[in-house]
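Undergrad: What follows is a single structure, and I will ask about it in a moment.
Values in this text are rule-based calculations from the coordinates and carry no lab data. Computed from a predicted model, the values in this text were never measured in an experiment. All Cβ positions, glycine included, derive from the backbone under ideal geometry; neighbour counts span all protein chains shown.
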Amino acid sequence: MDFRHLKYFVAVAEESSFTRAAERLHISQPPLSRQIQQLEDEIGMKLLERDARPLRLTEAGRFFYARAVRLLEQVQETVSMTRRIAQMDRRLVIGFVPSTMYGALPRIARMFRAARPQTELVLVEKSSVEQIEALKTGRIDVGFGRIRLDDSSVRREVLREEPLVLAIPCEHPLANSTAPLSLLDAAPYPLLIYPRSPRPSYADHVLSMFRDKGVEPMAVHEVQEMQTALGLVASGMGLCVVPVSAQRLRREEVMYRALLEPSAVSPIIMSTRLHDQSSDIVLIRALIDDIYRAQAAEKLLAPPSDTPLPMDPP
């Protein structure tokens, strides 16, 4: 059994068809069928129910598929980490959800470039769900997201729980005060959520907070981006729950109110491959600690303020 057998079997299992798997692998169907037959002969049992339409895995095949996928991921991870250790790949790719760009991520990027000018730093926008798959396939090296997703090959660390605030049109009845609000106060009005896809996402997190209070918003309108949602808030189309670091946006048209619920927070989650302890990853984590320490010191030295919602970056 070799690496090719695993790759071929996984393709057939995922496509439920020798024809589609052969197209995916860019080979003809007969040699693919022979490779799978050789694999079954070596294992000593059938992995596929060939008479089924579509093609199905046997119980042994389902077990072998799960292990094969894990082994292929480990191989990809090993290759990526070996390149980094050997300094053959002087490139660090960070995946991020858009809302983290209003917090500390730009500062982290500037500090990393200053410390490692020889390493190309690339930032790519990806949802929390997309970041997991991109980490496993080596397309990104670090992810900053907001959704707790479990995967045995990914190390996940919650860096902080960022407070959420309610974005309200300036002429809205709820904008008449600066006092914190409850989600119950927002429920009678239309709610804008984002992103529309992929799911699960931050949108589901917001909706679950309302459901935890036993209420549903009067109406829910889905959009793809936070900027779009805030533009619609400014036009009077509804309310929107956003991270506190985003409250600098559209200040002339949108009012931001703190939320009373302790659950009204959104995690900032750093994800990396499980065993990736390369020097670049270690440096990124150290820079985050430095930024948090500096922010804590700034808060201690800052004079008292009447501003009800401090813009506290993640």
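Undergrad: If each of Tyr292 and Arg91 carries a label point 7 Å out from its Cα toward its Cβ, how far apart are those two points in nm?
TA: Taking the simple label geometry, Tyr292 and Arg91 are separated by 3.1 nm.
Undergrad: Stretched out fully, how many nm does the piece from Glu59 to Lys213 gain, at 0.36 nm a residue minus the Cα gap?
TA: Length gained between Glu59 and Lys213: 51.2 nm.
Undergrad: In the stretch 28-128, with Lys and Arg counted as +1 and Asp and Glu as -1 at Cβ, which of these residues, Gly61, Ser127, Pro106, has the Cα nearest the positive end of the dipole, that is, farthest along it?
TA: The residue sitting farthest along the positive end of the dipole is Pro106.
Undergrad: Here's something else I'd like to know. Just to confirm the number: angle between the C-alpha axis of helix 59-85 and the first principal axis of the chain, 0 to 90 degrees, nearest 10?
TA: With both axes taken from Cα atoms, the answer is about 70 degrees.
Undergrad: Tell me which GluC sites (Glu not before Pro) from the stretch 136-225 have a DSSP coil assignment and no more than 14 other beta carbons within 10 Å of their own.
TA: The qualifying sites are Glu171, Glu225.
Undergrad: Angle, helix 105-115 long axis vs. longest principal axis of the chain, Cα atoms, 0 to 90°, nearest 10?
TA: Relative to the chain, helix 105-115 is tipped by roughly 70 degrees.
Undergrad: Stretched out fully, how many nm does the piece from Ser16 to Glu171 gain, at 0.36 nm a residue minus the Cα gap?
TA: That works out to 50.2 nm of additional length.
Undergrad: Then there is this: Label Glu120 and Ala187 with points 7 Å out from Cα along Cα→Cβ: what is the distance between them in nm?
TA: Modelled inter-label distance: 5.2 nm.
Undergrad: Report the trypsin sites (Lys or Arg not before Pro) located in the stretch 1-46 that are in a DSSP loop and have at most 16 other Cβ atoms inside 10 Å of their Cβ, or state none.
TA: Sparse-neighbourhood loop trypsin sites (Lys or Arg not before Pro): Lys46.
Undergrad: Tell me the relative contact order for the chain as a rounded percent, counting alpha carbon contacts under 8 Å between residues six or more apart.
TA: 20 percent
Undergrad: Same structure, new question: Mind giving me the FRET efficiency for Ile27 and Gln277? R0 is 41 Å, r the Cβ-Cβ distance, nearest 0.05 is fine.
TA: The formula returns an efficiency of 0.65 here.
Undergrad: Here are several values of Cα extents along the principal axes in Å: (i) 82, 59, 29; (ii) 74, 48, 28; (iii) 60, 44, 37. Which one was derived from the coordinates shown?
TA: (ii)
Undergrad: Right, next: Gap in Å between the Cα centre of the stretch 14-81 and the Cα centre of the stretch 238-282?
TA: Value for the Cα centre distance between the two parts: 41 Å.
Undergrad: Using each residue's phi in the stretch 225-235, evaluate 6.51 cos²θ - 1.76 cosθ + 1.60 at θ = phi - 60° and report the 3J(HN,Hα) Karplus result to the nearest Hz, with x for Gly and Pro.
TA: Per residue, the Karplus-derived 3J(HN,Hα) values read 10, 5, 4, 5, 4, 5, x, 6, 4, 4, 8 Hz.
Undergrad: State, as an integer percentage, the relative contact order of the stretch 163-266 based on alpha-carbon contacts under 8 Å between residues 6 or more apart.
TA: 50 percent
Undergrad: Sequence neighbours fewer than 8 away in the same chain don't count; with that in mind, list the aspartates and glutamates whose C-alpha is under 19 Å from Lys136.
TA: Reachable aspartates and glutamates: Glu14, Glu73, Glu77, Asp89, Glu125, Asp150, Asp151, Glu157, Asp276, Asp280.
Undergrad: Go through the stretch 1-79 and name the GluC sites (Glu not before Pro) that are in a DSSP coil and have 15 or fewer other Cβ atoms within 10 Å of their Cβ.
TA: For GluC sites (Glu not before Pro) across the stretch 1-79 that sit outside H, G, I, E and B with at most 15 neighbouring Cβ atoms in 10 Å, the list is empty.
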